[in-house]
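Take a look at the structure below.
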Amino acid sequence: MLVRDARVLRSGFNEGNMRHDPTAHAKVVVIGEAYSLLQVVTLEGAALYCTLQPCGMCTVACVWAGVSRVVHGAGRTDVNAVYFETRHANTVDFIHDAFRSDIEVEGSLG
């Protein structure tokens, strides 16, 4: 779910199988829909709420979109080790590597 100014801009779910598109993760879908809805060039001030710590693709989408805050429930150690551990992916690392110190990440960072 993507929220800005106490308003839900968009909510969604993974649509990869439905769209036959491996990039159609819920986070990417709601970011794209919010851009279309608002006709803006940045989602600064928006918060993304999600169940799982975003994957690398979704994290970088947040960086490029200008999302200001990412709040997630389950972290790296809460999900299947194959998903994160073999890839050493971490939302905080992606944001740091993109030189974005202005994105707040909240949730289980294990």
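Give the peptides 48-61, 28-41, 8-21 in descending order of average Cβ contacts within 10 Å, highest first.
The densest-packed peptide leads the list: 48-61, 28-41, 8-21.
If amide H atoms are built 1.01 Å from N in the plane of the peptide, which residues on other chains or at least 5 residues away come under 5 Å of the amide H of GLY12?
Placed amide hydrogens put nothing under 5 Å from GLY12.
Multiplying the sequence separation of TRP64 and MET18 by 0.36 nm and subtracting their Cα-Cα distance, what value in nm do you get?
Extending this stretch completely gives an extra 14.1 nm.
Quick note: the coordinates plus some simple rules give every number you see, no bench work behind them. Keep in mind that this is a model prediction, so the values were computed, not measured. Heads up, the Cβs are rebuilt from the backbone with ideal geometry, glycines too, and the neighbour counts pull from every protein chain shown.
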